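S.K.: Next up is a structure, given as structure tokens.
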Amino acid sequence: MSVNKESFLPEPNFLTSPKGLKSWLLTLDHKRIGLMYLFAIMFFFMIGGIFAVLIRLELLQIGETIMSADTYNRMFTLHGAIMIFLFIIPAIPAAMGNIMLPIMLGAKDVAFPRLNLASWYIYIGGSLFAIYSMAHGAVDTGWTFYTPYSTSTNGAVISMTLGVFIIGFSSILTGLNFIVTIHKLRLPGMTWFKMPLFIWGLYATAIIQVLATPVLAITLILLILERTLGIGIFDPAMGGDPVLFQHFFWFYSHPAVYIMILPGMGIISEMVAVFSHKRIFGYKAIAFSSLGIAFLSFLVWGHHMFTSGQSEYAAMIFSFLTFMVGIPSGIKTFNWLATLFRGSITFEAPMLYVFAFLFLFTIGGLTGIFLGALPVDIHLHDTYFVVAHFHYVMMGGTVMAFLGGIHYWWPKIWGRMYSEAWARVAWVLIFVGFNMTFFTQFLLGTKGMPRRYFDYLPQFEGMHGFSSVGSLVLGAGFIVMAFYLIHAIFKGRLAGDNPWGALTLEWQTSSPPPPENFLKDPVFTHGPYDYDTVDVQRTV
Amino acid sequence: MDSTATLWMPPAQSTIAGEVDALFYFIFYVAMGFFFLVVLAALYFLIRYRRKGNEVGLTDGHDHNFKLELIWTIIPTILVFIVFIWGFRTYLKMNVAPKGAIEIKVTGQKWFWSFDYPNGAVTLSELVVPAGRPVKLLLSSRDVIHSFYVPDFRIKMDALPNRYTMLWFEAKNVGTYNLYCAEYCGTGHSTMLGKVKVLSVSDYEKWLANAGAEKDAEVPLPELGKKVYTGKACMTCHTIDGTPSVGPTFKNVFGHTVELSDGTTITIDENYIRESVLKPQAKVVKGFAPVMPTFQGLLSNREIDGIIAYIKTLSEQ
Ligand SMILES: [Cu+2]
């Protein structure tokens, strides 16, 4: 790797002007706020990841390996709650979206910069409650907080739910901010169908964030009131219904699955086009399928509850709608494939993650079909099959897209390039480790291994052991990645404005961009994917 | 290895299991088809259209093809329609119990199952049913939500604290099958294991006729106590090797004193054990949560005598 210590980043850039901690903590610059989100999110990703490895170590062998059943129950709860609420939901919109959305629209900032900063503080405030909960007995309810377990168990359930409740507001504010920004601050000439598809993904996501998150907030408040005042809404002894909680919870949390995946699909759309240097196939189909998914996502919550005693007809409708929401995702996949056709493809790290995404997300999506089919779901519900399925969707889908996005925009954010060779090493470790860990779990699940089990019968030991070893490989991949990405910030060679030869607006400004994003007002001269008419080459 | 097991599925031991597996494998092969289509197409394009050299020119601008898009929308839609209808039909069969099914009441609690049979007999952790007869289970829970799951029968249903849920199945063969709790329920969730014991119809009837009665009269007390310990769920919370679990161990406790949560101490004797079993909340051992359920009505007098005798054998005098 050619390290060029003499070369300096372009000035002024948002990283260094103005200087000082205070200028960061009080910044209104969307890029800085996005970066602060990124740091916080990566911190929680690391904590959640450590919990994950501890869980797998406990399951390495039969019996108690490194922790008691009660500790184990706290571990998987914290792993889930942190990964969902503190990492994956804000990861792409609040971190990557915040940094890139205004630049990609050719705007100077989001519509409400102060609100944007407030949302970061709200997120941090909420996460402090979560940390307080961890230090005071934590929670053993599972990240789903099902009643009546969650209303009767010991531990710091209230501070954890309060934390999640507060974080929800940061999500709502970010969504609101993005909707207004997309409507109002597009560069003149950038019509709706000339927007990059990442923006469409963020737009669909923002709609869900604004509409669904309040339902989570209400649900959590009811849970807190139930625990503190005993209002009885979920308490059978007072005429309440614990299953009602599940309805409320999934009415948010199913759409939340799409809060996680839609922006990831947006990143994939960007990277597919850039690294095959080709017009994206089926622009409108991809854009509209995001909106279609956002709409349908509100109508399928009951598929988490097929064994809860719901009526056969409710089950029928939820099953049907579940299949319908799968179709748009399939269409997107075919569109990405067709984009590769007759492209001019290169294989830098972001493209490797596109491939990982296509491979893993396809498995994640297809295994969803098993779970949507009623009688098959009866067998597979609450087994490791479900655990494997949602890790293929969430981690194989969203996280792969997120990692791809990190590698794609890292040179833009820091102005410096990471080591491509080390990126490949990390990619191989992550791809292999992921499949070792989670593919095994499909088999565990179909064979009848229930989830959230501290211990298991001897027949499952081999597969559990293999899955645990896989998680170590996976973890090693992330450690390698952390090293070369951080190294790149300080020592990487200069990236130049447009290292990938891309057409979206963020590549037309310097890397890192100046505080106001563009030194000269940008002009909209071509669409985001006009690789058939605009001759663009890589800088460097 | 059970010959009804397949690569992906455990043994198929109920009448519905074969149908569930048929649908599973239909989806499986269709999914495999799509998966290889996507991955092989991706690999082929990635290799075939890789960039040669550093410069890049303009590329092909085609970005839609109505026929192609119609095909890749309609074919998956048709396939999921088939899966949906097939699934719903099988699901209805799974939900509508045939007339004349044997009805057994199932109660989940932390962390064992109890079963009430039509003639008043009760078993804990082990459900006994006849082969070749439909059995209908009426489920409920005494505390949090549990879920009754027998993989070999492909059945699962939540047991709720406020409402009855229903489940039915017909076991095909005599044998013993694993029963799990599939809804997370706390400390003992993974030890809330049970068995479904399938007998021939005549054996089942014989068993049922004797079940309520004192048929254990001939078994010596300590042995009976040991049977109660394993069969009536004491072992999910109590060990016999000296390590505390959810509850205190049974090793070396008889005749020893123990401190209660209100600070008083008491010597463990016959009456204390009896009270602990029938009214567990009356005296709670210090350092433990008051989670032991009452066994009032679940254990006969002789079984309680047995437990006392058994705990005595575990203590050095
Ligand atoms: Cu349970």
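We did not get these values from a lab; they are worked out from the coordinates using the rules stated. Note that the coordinates shown come from a computational prediction; the quantities given were computed from them, not determined experimentally. Using ideal geometry, Cβ is built from the backbone for each residue, glycine included, and neighbour counts are taken over all protein chains shown.
S.K.: How high is the FRET efficiency from B:Leu37 to A:Ala314, r the C-beta distance, R0 25 Å, rounded to 0.05? Kindly include the intermediate steps, with their values, before the conclusion.
M.R.: Details: r = 34 Å, r/R0 = 1.35.
Approximately 0.15, to the nearest 0.05.
S.K.: Hey, could you pull the Cα Rg and Dmax for the stretch A:141-298, both in Å?
M.R.: 19.4, 63
S.K.: Hey, what did the stretch B:221-316 get for relative contact order, percent, Cα under 8 Å, at least 6 apart?
M.R.: 39 percent
S.K.: Before rounding to the nearest 500, sum -39500 (n - 2.57) across all DSSP H runs of length at least 4 in chain A and divide by the residue total; then give [θ] at 222 nm in deg cm²/dmol.
M.R.: On the way: 17 runs with 334 residues, N = 540.
Result for chain A: -21000 deg cm²/dmol, rounded to the nearest 500.
S.K.: Still on this structure: Could you sort out which of A:Lys184/A:Lys520; B:Lys195/B:Lys312; A:Lys412/B:Lys67; A:Lys447/B:Lys105; B:Lys93/B:Lys232 sit more than 31 Å apart by Cα distance in this structure?
M.R.: In this structure, A:Lys412/B:Lys67; B:Lys93/B:Lys232 exceed 31 Å between Cα atoms.
S.K.: Could you estimate the translational diffusion coefficient of the stretch B:102-211 from the Stokes-Einstein equation, with Rh from the Kirkwood formula over C-alpha pairs, at 4 °C and 1.567 mPa s, in whole µm²/s?
M.R.: Rounded to a whole number, D works out at 94 µm²/s.
S.K.: A further question follows. Test of understanding: given chain B, find the longest segment containing no trypsin sites (Lys or Arg not before Pro) that are in a DSSP loop and have at most 11 other Cβ atoms within 10 Å. All intermediate terms of the calculation are to be shown ahead of the outcome.
M.R.: Working: sites that count: B:Lys52, B:Lys99.
In chain B, the maximal stretch lacking such sites is B:100-317.
S.K.: From the Cα trace of the stretch B:1-81, what convex hull volume per residue do you get, rounded to a whole Å³?
M.R.: 118 Å³
S.K.: Return the loop-located GluC sites (Glu not before Pro) in the stretch B:213-290 (DSSP other than H, G, I, E, B) with at most 11 other Cβ atoms within 10 Å of their own Cβ; answer none if there are none. Numbers along the way, then the final one.
M.R.: Numbers: sites: B:Glu214, B:Glu218, B:Glu223, B:Glu259, B:Glu270, B:Glu275; in loops: B:Glu214.
When the GluC sites (Glu not before Pro) of the stretch B:213-290 are filtered for loop state and at most 11 Cβ neighbours within 10 Å, B:Glu214 remain.
S.K.: Could you work out, residue by residue across B:31-41, how many beta carbons of other chains sit within 10 Å of that residue's beta carbon, and then give the average as an integer?
M.R.: Numbers: counts 8, 1, 1, 6, 6, 1, 4, 12, 6, 0, 6.
Taking all residues of B:31-41 together, the mean is 5.
S.K.: Also, I was wondering about something else. Just B:Ala182, B:Ala22, B:Ala131 to compare: in a GNM of chain B, with alpha carbon springs under 10 Å, which one fluctuates most?
M.R.: Highest fluctuation among the options: B:Ala22.
S.K.: From the gyration tensor of the Cα coordinates in the protein assembly as shown, what semi-axes in whole Å does the equivalent ellipsoid have, largest first, with each one equal to sqrt(5λ)? Display every interim value, and only then the final one.
M.R.: Values: eigenvalues 588, 181, 104 Å².
Over the Cα atoms of the protein assembly as shown, the ellipsoid semi-axes are 54, 30, 23 Å.
S.K.: Still on this structure: Pull up the DSSP beta bridges for the protein assembly as shown and report the antiparallel fraction as a percent, rounded to 5.
M.R.: DSSP beta bridges in the protein assembly as shown are roughly 70 percent antiparallel.
S.K.: Here's a follow-up. Considering Cα pairs under 8 angstrom that are at least six residues apart, work out the relative contact order of chain A and quote it in whole percent. Please report the intermediate quantities before stating the final value.
M.R.: Values: 911 pairs, mean separation 100.9, N = 540.
Dividing the mean separation by the residue count of chain A yields 19 percent.
S.K.: Still on this structure: Hey, got a sec? Which GluC sites (Glu not before Pro) in the stretch B:1-100 land in a DSSP loop and have at most 13 other Cβ atoms within 10 Å?
M.R.: Sparse-neighbourhood loop GluC sites (Glu not before Pro): B:Glu55.
S.K.: Can you give the calculated 222 nm mean residue ellipticity of chain B, where each DSSP H run of n ≥ 4 adds -39,500 (n - 2.57) and the sum is split over every residue, rounded to the nearest 500 deg cm²/dmol?
M.R.: Result for chain B, helices only: -11500 deg cm²/dmol.
S.K.: Report the antiparallel proportion of the DSSP beta bridges in the stretch B:102-211 as a percent, rounded to a multiple of 5.
M.R.: On the way: 26 of 38 bridges.
Taking every DSSP beta bridge within the stretch B:102-211, about 70 percent pair in antiparallel fashion.
S.K.: Under 8 Å for C-alpha pairs, at least 6 residues apart: give me the relative contact order for chain B, rounded to a whole percent.
M.R.: Reported relative contact order: 14 percent.
S.K.: Say a site is exposed when it is one of the trypsin sites (Lys or Arg not before Pro), sits in a DSSP loop, and has at most 10 other Cβ atoms within 10 Å; what is then the longest site-free stretch of chain A? Before the final figure, lay out each step's value.
M.R.: Working: sites that count: A:Lys5, A:Lys19, A:Lys520.
Between the exposed loop sites, the longest stretch runs A:20-519.
S.K.: Here's another thing I want to ask about it. To the nearest µm²/s, what D does Stokes-Einstein give for chain B at 25 °C and 0.890 mPa s, using the Kirkwood radius over alpha carbon pairs as Rh?
M.R.: The calculation lands on 103 µm²/s.
S.K.: List the longest stretch of chain B that has no exposed loop site; here a site is one of the chymotrypsin sites (Phe, Trp or Tyr not before Pro) assigned by DSSP to anything other than H, G, I, E or B, with at most 16 other Cβ within 10 Å. Intermediate results must be reported in sequence, preceding the final value.
M.R.: Values: sites that count: B:Trp8, B:Tyr164, B:Phe288.
Within chain B, the longest run free of exposed chymotrypsin sites (Phe, Trp or Tyr not before Pro) spans B:9-163.
S.K.: Okay, next question. Can you name the helices of chain B, as whole DSSP H runs, whose Cα span along the helix axis is 27 Å or more and whose Kyte-Doolittle mean is not below 0.5? Please report the intermediate quantities before stating the final value.
M.R.: Details: long enough: B:17-48 (45 Å, 1.85); B:66-95 (43 Å, 1.24).
Membrane-span-like by this rule: B:17-48, B:66-95.
S.K.: Can you work out the FRET efficiency for the pair A:Met46 and B:Glu103, with r the C-beta to C-beta distance and R0 = 51 Å, to the nearest 0.05?
M.R.: Computed FRET efficiency for A:Met46 and B:Glu103 comes out at 0.45.
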